[in-house]
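Below is one structure, written out as structure tokens; the observations come after it.
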Amino acid sequence: MISVIVPTYNERENLEELFERIARALDGREFEIIVVDDDSPDKTWEKAEELAKKYPAKVVRRRNERGLSSAVIRGFREAKGEILAVMDADLQHPPEVLPRLVEAIENGADIVIASRYVEGGKVENWYWWRKLISKGAIMIGRVALPKIRSIKDPVSGFFALRREVIEGVELNPIGFKILLEILIKGRYSKAVEIPFTFGLRNSGESKLSNKQILNYLRHLYRLMKWEGEIDRLVKFSIVGLSGVVVNEGSLLGFVEALGWDKRLAVIPATELSILNNFIWNDLWTFKDLKKNPVYLRLFNFHLAAFTGALVQWGIYLVLLYLGVNYLIANLFGIAFSFLVRFLFNRNITWG
């Protein structure tokens with residue numbers, strides 16, 4: 001059986017067409033529609049109950065709980081199917097794509113994502129700022145969570161999965177990006193994406209808001225912590241501080257004890273601090289990620305240091321040009337340089 005889970009809030013006007021198109025798309029297959037409604041003021045739940053007399057549907061009306069992700073989780077609990085599909089009720093997710101999701105699972109996939117951003121997928125009539133927010137959110141997610149780096153649309157709200165992917169998995173997402181949580185915590189070996197056209201909203205209310213954007217960032221932080229990426233970031237910071245000690249100490253030794261020229265002594269002092277940081281990061285911070293040979297890791301680590309220095313210098317000059325105090329400008333440069341070096345090393349040196 002295929003269980004199609006549809007979280008709703010003020011989607012009454014869309015339901016009849018939605019149910020009809022789902023039934024037509026899944027004709028010949030055993031399916032059910034699970035509507036989880038957050039006590040919509042327009043009585044979406046009432047319309048769903050009316051349609052349940054004609055279609056194989058179950059309606060859950062939640063009176064004391066709100067949230068798209070928690071509604072999907074409730075739908076998972078109510079579903080009887082071995083294949084679980086999730087889609088919105090606003091008809092931006094065309095039900096005609098459902099058979100392709102199901103077929104991909106029948107052909108061996110564990111998770112199938114209807115993607116706007118693989119070849120053949122697209123978004124219709126979005127303002128430029130909405131596209132920017134969407135692409136930006138995806139980019140941040142893919143950088144922060146290397147496990148989903150190969151997924152083009154990890155925040156899609158339209159997907160299907162085998163039930164065993166989430167069985168025994170504690171899902172506790174913030175906001176409305178439930179797929180992100182599943183991709184990080186789920187038990188699966190194969191996730192694939194199929195293209196679809198994200199259509200126009202018929203009626204109802206958009207889910208995007210400033211609060212949802214903040215929730216998305218909170219969600220990313222929690223998943224990074226769950227994945228151990230926050231601990232890795234802390235270790236990288238500690239190693240970086242040790243590098244400062246090595247740099248300053250060796251510079252002092254070269255100048256005061258050996259009498260080297262101050263302008264030249266900084267070069268070997270910097271190299272010693274880079275080698276110190278590489279060794280400790282290799283043995284501690286990224287000890288579980290040694291996929292590349294050591295010479296390549298060392299080369300990339302130097303490249304990350306050089307890239308970070310360029311970023312620091314560039315931001316420093318830009319902020320100076322904008323009239324920012326030189327000390328504050330340098331701090332911003334250092335902060336961005338640190339992030340660039342961490343992300344470079346996490347995703348390339350030890351990626």
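The values are calculated or read from the model by the stated rules, or taken from the named source; none is laboratory data. Computed from a predicted structure; not experimentally measured. Cβ placement follows ideal geometry from the backbone for every residue including glycine, while neighbour counts extend to all protein chains displayed.
Put simply, of Leu241, Leu258, Leu283, Leu252 the only residue that is exposed (fewer than 13 other Cβ atoms within 10 Å of the Cβ) and under 15 Å from Phe342 (Cβ atoms) is Leu241. In the set Glu82, Glu119, only one residue is farther than 26 Å from Ser3 by Cβ, at pLDDT 85 or above and in contact with a strand residue (DSSP E or B) (Cβ under 8 Å, 6 or more places away or on another chain); that residue is Glu119.
Residue count for the range 13-60 under the criterion of being surrounded by 17 or more Cβ atoms within 10 Å (Cβ to Cβ), more than 15 Å from Asp90 (Cβ to Cβ) and of a type in the set (D, E, K, R): the result is 2.
Close contacts from the range 89-106, counting a first residue that is within 13 Å of Gly121 (Cβ to Cβ) and not assigned by TED's automatic domain parsing to the domain that holds Phe31 and a second that is of a type in the set (Gly, Ala, Ser) and in a helix (DSSP H, G or I), with Cβ to Cβ under 9 Å and a gap of 6+ residues or different chains, come to none at all. What pairs come up if the first residue lies in the range 222-249 and is free of Cβ contacts under 8 Å to residues at least 60 places away in the same chain and charged (D, E, K, R), the second is in a helix (DSSP H, G or I) and surrounded by 12 or more Cβ atoms within 10 Å (Cβ to Cβ), and their beta carbons are under 7 Å apart, counting only those six or more places apart or on different chains? Short answer, once both residue conditions are applied: Lys235/Trp284; Lys235/Thr285. Within the range 160-167, identify whether any single residue is at pLDDT 80 or above, in a loop (DSSP other than H, G, I, E, B) and either among the β-branched types (Val, Ile, Thr) or in contact with a Gly (Cβ under 8 Å, 6 or more places away or on another chain) (or both), and answer yes or no. Checked the range 160-167: at least one residue is at pLDDT 80 or above, in a loop (DSSP other than H, G, I, E, B) and either among the β-branched types (Val, Ile, Thr) or in contact with a Gly (Cβ under 8 Å, 6 or more places away or on another chain) (or both). Anything in the range 78-122 that is closer than 15 Å to Glu164 by Cβ and not small (Gly, Ala, Ser)? List them, or say none. If the condition is that a residue be closer than 15 Å to Glu164 by Cβ and not small (Gly, Ala, Ser), then Lys80, Glu82, Ile83, Leu84, Ile105, Glu106, Asp110, Ile111, Val112 are the ones that fit. Note on the range 40-127: enclosed helices (runs of 4 or more DSSP H) holding 1 or more residues that are under 22 Å from Gly168 (Cα atoms) and among the polar types (S, T, N, Q) are 68-78. Only a single criterion out of (1) part of a helix (DSSP H, G or I); (2) at pLDDT below 85 is not satisfied by Lys291, namely (1). Taken as a whole, the condition of being crowded, with 17+ Cβ neighbours inside 10 Å and of a type in the set (Val, Ile, Thr) applies to Val340.
Within the range 200-211, can one find any residue that is modelled with pLDDT of 95 or more and in a helix (DSSP H, G or I)? Within the range 200-211 (the criterion being modelled with pLDDT of 95 or more and in a helix (DSSP H, G or I)), the answer is no, since none of the residues qualifies. Among the residues of the range 66-120, which ones are crowded, with 20+ Cβ neighbours inside 10 Å and of a type in the set (D, E, K, R)? Selection gives Asp88, Asp90, Arg116.
Residues being within 20 Å of Val112 (Cβ to Cβ), of a type outside the set (Lys, Arg) and in contact with a helix residue (DSSP H, G or I) (Cβ under 6 Å, 6 or more places away or on another chain) are represented in the range 6-20 by at least one member.
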